[in-house]
Amino acid sequence: MRCDQVAEKLPEASEGTFALGRRERRHVESCLRCQAELVQYRKILRAMRAMRTEVLEASPGLLADILANIEEAGERHAIRSLLTGRRVAYLGGLAAAGAAGAAGAIVIAARNRSKARIRLAS
Amino acid sequence: MPTDVAELVAAAKEGDRSAFDELVRQTYAETYTLAYRLTGNEEDARDVAQDAYLRAFRGLNRFRGDAQFSTWLYRITANCAATFMGKRARNRHEALDEDTPLEDERPEVDPERRAHSLDLRDQLGAAISELPPKLRAVVVLRDIYDLPHEDIAAELGISVAAAKVRLHRARHKLRSTLFPEIDEVEARAV
Ligand SMILES: [Zn+2]
């Protein structure tokens, strides 16, 4: 088994050597070059996972903009609820029933609702 | 008002607007961070984050308690970013294809800077932002945010197999950017 045959598997193997077959694993165990490469992939993966906890400072005004958008969408939603109040209440009843048989009806109804939303939004 | 995310979600689902606003306050920096990592610039990240919260607000009833709210929000953000980048690419007639050669035309990281920066983390941030957008999205979602291949594929609108291929190429590209030595030895040997 040659390095280039094993190298193809090394990015996946950085998550765990289960990605390697028995012969590939044996090669890595005896090959310093492939070991070095695997260590590099693992270093990168560790650094990537550590990035999960990093939070960038959002540009000023972003929070206010998001909240203003939601406010506007909320108003449209409220108006729509007023216009289609009875239908929404009926759907609520269906959803509460939660019966398997009702699931299909809910999906169809939800599609209709999103169409209504698009019309109102435009 | 509750401060716990699960309680806030429950209240927001009941139509409590102030609960949803509080959810936004607690999560927007993280959402913005993901959006920035996916789009690579501040302005686009702002647009994507705003769009993501609008979609989250409208789709809150579809959020089930068995997933984490943060994961749900990551998925929405990923989807918004993919849509956003796709639209922009079409507008500019750019090919943001995964077939973009790995050795693209953009300038490499300044080798001087790379030599002087001993911090892998800093170099990694730069190397990620240099990746072609489609490779970047997959590696960010998988290796930083730990989303399953299936979720990544679903939000990016690609097959699981394609997501895995992109992940492979992205990891390979990152390694050869951050640790060029082995490839240089290889190149000399040919
Ligand atoms: Zn080897």
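The values are calculated or read from the model by the stated rules, or taken from the named source; none is laboratory data. In this text the structure is predicted, and so the values were computed from the model without any measurement. Note: ideal-geometry Cβ built from the backbone for every residue, glycine included; neighbour counts use all protein chains shown.
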> Which residues, counting only those in segment B:144-157, are buried (at least 19 other Cβ atoms within 10 Å of the Cβ) and in a loop (DSSP other than H, G, I, E, B)?
Replying inline: B:Tyr145, B:Leu147
> A:Glu72 passes all but one of (1) among the acidic types (Asp, Glu); (2) closer than 30 Å to B:Tyr32 by Cβ; (3) within 16 Å of the ligand (Cβ to nearest atom); which number fails?
Replying inline: (3)
> Which one of the conditions (1) surrounded by 15 or more Cβ atoms within 10 Å (Cβ to Cβ); (2) within 16 Å of the ligand (Cβ to nearest atom); (3) free of Cβ contacts under 8 Å to residues at least 24 places away in the same chain does A:Leu38 fail to meet, given that it meets all the rest?
Replying inline: (3)
> Is one or more of the residues making up segment A:50-70 touching a residue at least 24 places away in the same chain (Cβ under 8 Å) and surrounded by 15 or more Cβ atoms within 10 Å (Cβ to Cβ)?
Replying inline: no
> Can you spot a residue in segment B:66-85 that is closer than 30 Å to B:Ala6 by Cβ and either modelled with pLDDT under 75 or exposed (fewer than 11 other Cβ atoms within 10 Å of the Cβ) (or both)?
Replying inline: yes
> In segment A:10-28, what residues are part of a helix (DSSP H, G or I), more than 10 Å from the ligand (Cβ to nearest atom) and away from chain B (no Cβ under 14 Å)?
Replying inline: A:Thr17, A:Phe18, A:Arg22, A:Arg23, A:Arg25, A:Arg26
>> Could you tell me how many of the residues in segment B:23-42 are crowded, with 23+ Cβ neighbours inside 10 Å, within 17 Å of B:Lys134 (Cβ to Cβ) and among the polar types (S, T, N, Q)?
In response: 1
> For B:Leu120, all conditions in the list (1) under 16 Å from B:Arg37 (Cα atoms); (2) of a type outside the set (Ser, Thr, Tyr); (3) modelled with pLDDT under 95; (4) touching a Leu at 6+ places or on another chain (Cβ under 8 Å) hold save one; what is the number of the exception?
Replying inline: (1)
